[in-house]
Amino acid sequence: MDNSSPSLLRLRLAAMLAIGFCASIPIARSTDSAPLMENDLMPVPAQLRFSPGRLRVTETFAVAVGGHDDARLQAAISRALRRWEARTALKLDRVAVASAASATLVIDSREAGHSIPSIDEDESYTLDITASKATLRAPNVVGVLRGLETLLQLLNRDADGFFLPVVSIHDRPRFAWRGLMIDVARHWQPIDVIKRNLDGMALVKLNVLHLHLTDDQGFRIESRTHPELQSSGSDGHYFTQDQIRDIIAYAQARGIRVVPEFDLPGHATSWVVSHPELASLPGPYAIERHWGVFNPVLDPTNEALYRLLDDFLGEMAQLFPDACIHIGGDENNGVQWNASPRIQAFIREHGLKDNAGLHAWFNRRLSAILARHGKTLIGWDEVLHPDLPQPAIIHSWRGPESLAAAARQGYRGILSNGYYIDLIHPASEHYLNDPLPATTTLTIEEQRRVLGGEATMWSEWVTPATIDSRIWPRTAAIAERLWSPREVCDVNDMYRRLAVVSVRLEEVGLDGERQHGFMVRHLAGEQAAAEDVKALLTLADIIEPVKDYRRGGLQPGVVQSDPLTNLADCARPDSAAARSFAESVNRFLFQPGQLDRVQAAKIVQQLEIWNAAGRKVAGRPAGTAPALNETASVAQALAEISVVGQDAMQALLSGHAPDGRWVIQCRAQLHRATEPGPAAVEFPIVPSLELLVAAAAEQDQRSSLAPEAWRQHLRAIAFPPAPPTS
Ligand code: ACM
């Protein structure tokens, strides 16, 4: 989150790419020679065995509840059948039938599960589908909820209609804490955003919604003991307590915990708007409108602060039933504490050594307040300090080292480093980021303290109109990392299934795809002709927003109130079009034997489409839609780099290597395209184009090199190591 020093995170993310060996998916397959179902499930279950046969799903499909029954279970059955109805256009009986004998699906659980979703919940289930019946068994209703999501994902169709494959599944999560954090402070995210994301979470078996409720830019929760906090700190955008109860009930119905975060003592500007006397330096203070790390920090030496925190946290402890309260604790830059002689004197008088000692002292006070209200403290990894009282949970964001350090020191921990979805990295990186990689040096006991992880959706650059496409579908890949066995890590297979789950996420109301279309039409302007919109869609699909926190540097004037409706907001992370192009290029260049003419045709056609779209968007008078100004130069760049690709293909297909000057020009052109301008977007196809250029230039060597040597030769030329920076 630190705009000024994103390099740390970038280094971490690069290191993650190096995460090592990855075995193939342990899915047991029948030895029968009949074609079996392809596993589309996400997350992949712990054990899965398909067998030949299909259970037909028709309008006679009926559900019976065998064991424990309750309102949560009935509501889940009703929701599940409703989703199937929408998918199949069949009219299904949404109420459970009495007799297991006449039912197609029998659900059998022993008990309700915890009334407040908890980390100790047993989420396991078994699902047995034969050609005549499906049976879902679980120790409690939460296991049934997880199993129902699997069942919903198994529905498939063939020429005879809808069916469930014959399958036997034994499933349980690898990690108990599988979360999504949504920052509602930077850009307000109202209740419908939260609810549809809870549905998405349930679909991929995530079980913790972490709401980042307060930050410099907003105080987003109603306090009844201190209403001045939200009335001065929120611009009127906050959750009322009734809305929070609604969210908690919605989450509970789906077996999801809701953990609130109140960021303390830094990131606290919105607190001190109404309470300047609690800041470390005199105010006045106003809600922060920019992004970054700011100076206002609460004054831990002021006893009035603890009285307010006791009131407020006591009130929140009542409102949020979860066992944990997150107190933030990150990124106190120390500026105000250093500038206050009184605070520095306090540090000396109490033998606290330095600011870190004072922070630890503050956390001890907070921990005692939370304990009095029956809550466990969780904080970002800056709170890890020898003085931190147990029990506490360390939320690792700066690197996996803090997770390991916490575990070694006896603290439980969760990982978010590597799951920062706001950094716009591809799903593959997040997917290979394991809280407990095979190379871990933690003992078994220490490993048990690693509870899981959370995807983090910081909201500097998202509004309710773009947040879904930033969270999904990549978070489904993270959900799989946290649920499925470690060995399930085949990236290609993950992407294949991610495309399927992405459509299913729409079924529960997640809007990424629709919002994308809307944003592009909006950018094109209401007078745009259909082919102009289509060209802009083509462009938007082949660019990505810049990664890490580069957008702030490229668009420095943007503040909280600016509409995020530019080209970068139309673009989405992890472009599927770019991935598909990369796959074609790889097959074309690296398949042993002759060049693959089918792939060649695909590549040539794709480059022509991009070139035409680029020229069309670039050539359109921007006056009709001023936001198109910055788009035009991006479109022009697309047209130009497409030509580079076209020339390279022509050289390859004709068998005539181009001269050195052409290569230099192409590389320069591609290099320019990697330097994002004010539009703050990048072209993920550039690496594929670099490969094509290298292949065109080096083609005379192909016949003399073994396939792997050819691949390495091209990669070495296309991606030379960066010169050392002194
Ligand atoms: C954080 O990103 N500052 C927790």
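The values are calculated or read from the model by the stated rules, or taken from the named source; none is laboratory data. Computed from a prediction, not measured in an experiment: that's the story for all the values here. Here Cβ is always computed from backbone atoms with ideal geometry, including for glycine, and neighbour counts include all displayed protein chains.
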* Can you tell me which residues in the range 69-92 are aliphatic (A, V, I, L, M), surrounded by 14 or more Cβ atoms within 10 Å (Cβ to Cβ) and within 28 Å of W483 (Cα to Cα)? -> L73, A76, I77, A80, L81
* Structure fact -> Of the residues in the range 336-350 that are out of contact with any helix residue (DSSP H, G or I) (no Cβ under 8 Å at 6 or more places or on another chain) and free of Cβ contacts under 8 Å to residues at least 12 places away in the same chain, the one that is nearest to E277 (Cα to Cα) is P341
* Report yes if some residue within the range 295-302 is within 16 Å of the ligand (Cβ to nearest atom) and not in a loop (DSSP other than H, G, I, E, B); otherwise report no. => no
* Structure fact -> Among strands (runs of 3 or more DSSP E) entirely within the range 154-273, at least 2 residues that are closer than 24 Å to T135 by Cα occur in 156-158, 161-171
* Kindly indicate which of F719, F683 is aromatic (F, W, Y) and closer than 20 Å to E608 by Cα. => F683
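Looking at the range 303-325, which of the residues that are assigned to a loop (DSSP other than H, G, I, E, B) and more than 15 Å from R372 (Cβ to Cβ) is farthest from the ligand (Cβ to nearest atom)?
To start, the set of residues in the range 303-325 that are assigned to a loop (DSSP other than H, G, I, E, B) comprises 320-323.
From what's left, more than 15 Å from R372 (Cβ to Cβ): 320-322.
Details: F320: 20, P321: 24, D322: 19 Å.
Taking the candidates together, the pick is P321.
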* To do: Determine if the range 677-689 includes at least one residue that is in contact with a strand residue (DSSP E or B) (Cβ under 7 Å, 6 or more places away or on another chain), assigned to a loop (DSSP other than H, G, I, E, B), surrounded by 18 or more Cβ atoms within 10 Å (Cβ to Cβ) and not polar (S, T, N, Q).
  => yes
* If a residue has to be of a type outside the set (K, R) and out of contact with any Phe, Trp or Tyr (no Cβ under 7 Å at 6 or more places or on another chain) to count, how many in the range 249-277 make the cut? -> 18
* Asked: When both residues are 6+ apart or on different chains and their Cβ atoms are under 6 Å apart, which pairs have a first residue that lies in the range 246-272 and is more than 23 Å from S115 (Cβ to Cβ), and a second that is more than 15 Å from the ligand (Cβ to nearest atom) and part of a strand (DSSP E or B)?
  -> P265/L298; A268/L298; S270/G218; S270/F219; V272/A279
* Test each condition in (1) at pLDDT 95 or above; (2) touching a Lys or Arg at 6+ places or on another chain (Cβ under 6 Å) for Q390 and report the one that comes out false. => (2)
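If a residue must be of a type in the set (A, V, I, L, M) and in contact with a Gly (Cβ under 9 Å, 6 or more places away or on another chain), how many such residues does the range 336-355 contain? Break it down into steps so the answer makes sense when it comes.
Keep residues of the range 336-355 that are of a type in the set (A, V, I, L, M), which gives 339, 343, 345, 347, 352.
When the remaining residues are screened for being in contact with a Gly (Cβ under 9 Å, 6 or more places away or on another chain), the result is 347.
Of the residues in that region, 1 qualify.
Listed residues Y431, Y411; which is under 29 Å from D199 (Cα atoms) and either of a type in the set (D, E, K, R) or modelled with pLDDT of 95 or more (or both)? Show your work before the answer.
Working: Y411 fails: under 29 Å from D199 (Cα atoms).
Only one candidate passes the filter, namely Y431.
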* Looking at the range 676-726, which of its residues are among the β-branched types (V, I, T) and touching a residue at least 12 places away in the same chain (Cβ under 8 Å)? -> V681, I685, V686, V693, I717
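Identify, please: which residue in the range 113-137 is of a type in the set (G, A, S) and closer than 14 Å to Q252 by Cα and is, among those, surrounded by the fewest Cβ atoms within 10 Å (Cβ to Cβ)? Even if it seems obvious, please write down each step before you answer.
Kept after step one, since they are of a type in the set (G, A, S), are these residues of the range 113-137: 113, 115, 118, 124, 131-132, 134.
Now drop any that are not closer than 14 Å to Q252 by Cα, which leaves 113, 115, 118.
Numbers: G113: 26, S115: 9, S118: 16.
Checked the range 113-137; the qualifying residue surrounded by the fewest Cβ atoms within 10 Å (Cβ to Cβ) is S115.
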* Structure fact -> Pairs returned, first residue in the range 310-324 that is within 20 Å of W271 (Cα to Cα), second residue that is at pLDDT below 95, beta-carbon separation under 9 angstrom, 6 or more apart or interchain, are none
* Can we say L498 is away from the ligand (no atom under 16 Å from the Cβ), part of a strand (DSSP E or B) and buried (at least 19 other Cβ atoms within 10 Å of the Cβ)? -> no
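When you check S703 against the structure, is it at pLDDT below 95, farther than 22 Å from A601 by Cβ and either in contact with a Phe, Trp or Tyr (Cβ under 6 Å, 6 or more places away or on another chain) or in a helix (DSSP H, G or I) (or both), yes or no? Before the answer, list the steps.
Numbers: at pLDDT below 95: yes; farther than 22 Å from A601 by Cβ: yes; either in contact with a Phe, Trp or Tyr (Cβ under 6 Å, 6 or more places away or on another chain) or in a helix (DSSP H, G or I) (or both): yes.
Considered against the rule, which asks whether it is at pLDDT below 95, farther than 22 Å from A601 by Cβ and either in contact with a Phe, Trp or Tyr (Cβ under 6 Å, 6 or more places away or on another chain) or in a helix (DSSP H, G or I) (or both), S703 comes out as yes.
Inspect the range 617-625 for any residue being within 33 Å of the chain's Cα centre (by Cα) and of a type in the set (G, A, S) and give the result as yes or no.
As a first pass, look at the range 617-625 and keep what is within 33 Å of the chain's Cα centre (by Cα): 617-618, 625.
Imposing the further condition that a residue be of a type in the set (G, A, S) reduces the set to 618, 625.
Yes.
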* Out of all the residues in the range 391-426, which are hydroxyl-bearing (S, T, Y), closer than 10 Å to T456 by Cβ and touching a helix residue (DSSP H, G or I) at 6+ places or on another chain (Cβ under 6 Å)? -> Y419
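Which one of these is within 16 Å of the ligand (Cβ to nearest atom), more than 30 Å from E121 (Cβ to Cβ) and in contact (Cβ under 8 Å) with a residue 60 or more places away in the chain: G328, G292? Step through it out loud before you land on a result.
Working: G328 fails: more than 30 Å from E121 (Cβ to Cβ).
Result: G292 is the single residue among G328, G292 that is within 16 Å of the ligand (Cβ to nearest atom), more than 30 Å from E121 (Cβ to Cβ) and in contact (Cβ under 8 Å) with a residue 60 or more places away in the chain.
Across the range 93-112, what is the total count of residues that are surrounded by fewer than 19 Cβ atoms within 10 Å (Cβ to Cβ) and more than 18 Å from V508 (Cα to Cα)?
Going residue by residue through the range 93-112, those that are surrounded by fewer than 19 Cβ atoms within 10 Å (Cβ to Cβ) are 93-95, 97-102, 108, 110-112.
After this cut, where a residue has to be more than 18 Å from V508 (Cα to Cα) as well, the list is 93, 95, 97-102, 108, 110-112.
So the answer is 12.
Looking for something aliphatic (A, V, I, L, M) and under 26 Å from I424 (Cα atoms) - is there at least one such residue anywhere in the range 650-660? Spell out the reasoning first.
Residues of the range 650-660 that are aliphatic (A, V, I, L, M), as a first pass: 651-653, 657.
After this cut, where a residue has to be under 26 Å from I424 (Cα atoms) as well, the list is none.
No, every residue in the range 650-660 fails to be aliphatic (A, V, I, L, M) and under 26 Å from I424 (Cα atoms).
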* Structure fact -> Subset of the range 70-92, residues farther than 21 Å from G509 by Cα and without any contact (Cβ under 8 Å) to a residue 12 or more places away in the chain, comes to A71
* Asked: For the range 337-352, does any single residue satisfy the condition of being at positive phi, out of contact with any strand residue (DSSP E or B) (no Cβ under 6 Å at 6 or more places or on another chain), within 16 Å of the ligand (Cβ to nearest atom) and not polar (S, T, N, Q)?
  -> no
